[in-house]
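Every number in this text was worked out from the coordinates using simple rules, so none of it is lab data. Just so we're clear, the structure is a prediction, and the values are computed from it rather than from any experiment. Neighbour counts run over all protein chains shown; Cβ positions are idealised from the backbone, glycine included.
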Amino acid sequence: MRRNITIGQYYPENSILHRLDPRVKLLGLIVFLVCVFLMDSYWSYGAVTAAVVILVIISRVPLRYFVRSLKPVFFIIILTFILNIFFTSGEEILVKWGIISIYKEGVIMALKMSIRLIYLVLSSALLTLTTTPNDITDGMEKALRPLNKIHVPIHEMTMMMTIALRFIPIISEETDKIRKAQISRGADLETGNIIKRAKNMVPILVPLLVSSFRRAGDLALAMDARCYHGGEGRTKYKELRYGKKDGIAYLMILAFLAGIILMRNFL
Amino acid sequence: MGLEFRNVNHTYNPGTTVERHALKDISFTLEDGEYLGLIGHTGSGKSTLIQHMNGLLKADSGDILYDGQSIYDKSYSMNQHHFKVGMVFQYPEHQLFETTVLKDVCFGPGNMGLSEDEAVSRAKEALKLVELPEIYWDKSPFILSGGQKRRAAIAGVIAMDPKILIMDEPAAGLDPEGRDSILESISMIRKERGITVVLVSHNMDDVAKYATRVLVLNKGSIYMDGTPKEVFSRTKELYDVGLSAPGITVITERLKSLGIGEEDCMISMDDAADMIAKSLRKG
Ligand SMILES: Nc1ncnc2c1ncn2[C@@H]1O[C@H](COP(=O)(O)OP(=O)(O)OP(=O)(O)O)[C@@H](O)[C@H]1O
Ligand SMILES: [Mg+2]
């Protein structure tokens with residue numbers, strides 16, 4: 001069980017990517033995702049790949065962290081690859097084997113889809129590895145603040161998100177503790193069919209629920225005691241402020257998007 | 001025979017930025033019938049060590065032997081080991097889940113495969129040992145007071161009749177009376193059943209009072225190992241690793257430096273009182 005690691009697995013470093021304003025990175029991620037879906041020519045694949053490689057390098061996060069981020073979706077990528085390779089029909093047959101035939105178009109499609117999926121995951125990993133969850137929610141809050149005007153409770157929503165993120169490691173630690181305690185009392189968590197297993201979870205779920213309510217109550221009380229009353233007029237300890245590098249980054253992001261769109265239309 | 005640690009190492013999150021070598025080459029033998037006080041600064045590895053004792057954590061290297069057999073042997077039943085080595089975690093009351101106290105205490109014995117009657121009789125016996133009044137046995141554990149919950153949870157482990165009882169700060173967060181009476185109950189259970197007890201505590205007075213042997217951990221290594229007298233007489237070294245000696249030891253040392261009494265390190269209130277009385281009579 002992990003400890004001291006919040007969701008997203010922030011990797012502490014001091015690269016230029018780490019120091020960028022989270023709002024820039026959020027926009028960058030959105031633009032990048034759009035680009036991944038816009039790319040069609042080999043040129044655009046090349047450009048996006050180059051961008052990923054450069055960003056990974058300047059993030060100064062060890063490569064194995066990116067590889068690790070791909071692990072949970074590895075199965076999906078393989079599945080996409082297989083489905084595409086077998087179920088895309090085309091003109092040029094590469095292999096024919098009984099009723100199964102693999103077309104050149106299928107191979108290309110499979111490669112394209114897998115690459116897209118991999119880039120999607122890598123780009124999100126780039127954000128979460130270089131930005132703390134708190135910074136991400138801060139960035140969201142500030143970027144979405146205009147929505148307050150039309151009465152969308154942005155502050156409350158991001159506060160809830162911050163709290164939820166904060167509680168994930170705590171609850172996972174708590175689960176670990178309760179699980180160990182019940183195993184010590186001979187609880188059997190591994191064997192049996194689904195129904196039996198679900199029943200065996202009761203000794204863990206009940207204490208977990210009880211402690212979550214207790215924690216939530218404690219937190220509400222603590223926030224009340226410090227006069228928390230929502231977002232109205234609340235100042236920040238760490239105010240997000242744009243620097244010169246953020247402006248440059250915005251320009252580069254927009255230039256990249258423009259480049260990809262141009263490639264799509266003229267190449 | 002007891003429980004023997006041989007060069008046990010444990011590292012949390014190996015290969016990540018939060019890697020932590022929490023146990024370093026731990027070797028010692030917990031003898032049958034001992035009352036071991038385990039002390040050490042926060043983060044020194046006490047909780048990690050005791051979780052190795054009942055097999056919740058597995059050593060990265062090294063071996064642990066129970067009565068001469070490695071608990072990591074394929075033929076060794078880890079499930080049975082959990083029953084032989086009972087573990088009371090910090091804030092054990094957070095594990096209560098059943099609808100009544102009695103049912104909750106029956107959970108462990110039930111898992112051992114005992115008949116229901118047998119489990120209930122063991123549970124009742126355990127509840128008596130921890131002195132939880134009978135009127136609460138059929139109540140929901142969630143309506144009990146903090147101290148009563150703690151007793152119910154400890155009873156849940158004692159009901160499994162473990163050969164070794166490990167407790168991680170069983171008295172944390174209790175009032176002085178509550179802590180004394182819980183520790184007294186445990187001491188009594190040890191005498192009655194002849195079991196081995198491991199007590200993790202930050203309270204030096206409690207350790208001095210009950211333990212027959214004290215193990216000091218520092219940054220994952222064994223720093224001292226001896227009788228309470230031996231360990232607590234090395235006050236200076238204890239201070240070096242962020243610990244202290246029992247209050248009474250500190251007082252008698254101070255008296256000694258003023259020329260009152262000449263006996264060695266004092267760890268019990270009665271001995272100290274005798275010493276002071278003696279020197280008063282003399283002077
Ligand atoms: N589940 C875990 N994941 C990662 N690191 C851990 C975990 N549990 C403990 N550690 C680390 O291992 C070291 C030893 O921790 P341990 O809990 O054994 O200390 P302790 O002596 O019980 O401290 P305390 O007196 O505060 O209870 C600490 O540095 C701690 O941060
Ligand atoms: Mg501990």
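Could you list all residues from the stretch B:98-116 that are under 17 Å from B:LEU132 (Cβ atoms) and at the interface with chain A (Cβ under 7 Å from one of its Cβ atoms)? Working first, answer last.
Narrowing the stretch B:98-116 to residues under 17 Å from B:LEU132 (Cβ atoms): B:98-109.
Passing the criteria: B:PHE107, B:GLY108.
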| query | Does any residue in the stretch B:168-194 that is within 14 Å of another protein chain (Cβ to nearest Cβ) and at positive phi come within less than 6 Å, Cβ to Cβ, of a residue that is within 16 Å of ligand 1 (Cβ to nearest atom) and not in a loop (DSSP other than H, G, I, E, B) six or more places away or on a different chain, and which pairs are these? | reply | B:GLU169/B:VAL200
| message | Show me the helices (runs of 4 or more DSSP H) found entirely inside the stretch A:151-228 where at least 2 residues are touching a residue at least 12 places away in the same chain (Cβ under 8 Å), under 27 Å from the mean Cα position of the chain (by Cα) and surrounded by 13 or more Cβ atoms within 10 Å (Cβ to Cβ). | response | A:154-184, A:202-225
| message | Checking the structure you have, find out if any residue of the stretch A:83-104 is surrounded by 14 or more Cβ atoms within 10 Å (Cβ to Cβ), in contact (Cβ under 8 Å) with a residue 40 or more places away in the chain and either farther than 30 Å from A:MET140 by Cα or touching a helix residue (DSSP H, G or I) at 6+ places or on another chain (Cβ under 6 Å) (or both). | response | no
| message | Looking only at residues that are surrounded by 15 or more Cβ atoms within 10 Å (Cβ to Cβ) and in contact (Cβ under 8 Å) with a residue 60 or more places away in the chain in the stretch B:228-274, which one is farthest from B:ARG213 (Cα to Cα)? | response | B:VAL241
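Among the listed residues B:ILE158, B:ILE135, B:ILE164, B:ILE143, identify the single one that is under 30 Å from B:ASP271 (Cα atoms), of a type in the set (Val, Ile, Thr) and more than 16 Å from ligand 1 (Cβ to nearest atom).
Numbers: B:ILE158 fails: under 30 Å from B:ASP271 (Cα atoms); B:ILE135 fails: under 30 Å from B:ASP271 (Cα atoms); B:ILE143 fails: under 30 Å from B:ASP271 (Cα atoms).
Residue meeting the stated conditions: B:ILE164.
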| the stretch A:204-244 - residue that is basic (Lys, Arg) and within 14 Å of chain B (Cβ to nearest Cβ) and, of those, farthest from A:ALA143 (Cα to Cα) | A:ARG214
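Looking at this structure, is B:MET112 within 16 Å of ligand 2 (Cβ to nearest atom) and on the phi < 0 side of the Ramachandran plot? Walk me through how you get there before you give the answer.
Working: within 16 Å of ligand 2 (Cβ to nearest atom): no; on the phi < 0 side of the Ramachandran plot: yes.
So B:MET112 does not fit the description; no.
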| For the stretch B:17-56, which residues satisfy the criterion of being within 14 Å of chain A (Cβ to nearest Cβ), touching a Phe, Trp or Tyr at 6+ places or on another chain (Cβ under 9 Å) and within 30 Å of A:SER69 (Cα to Cα)? | B:THR17, B:VAL18, B:GLU19, B:ARG20, B:ALA22, B:THR48
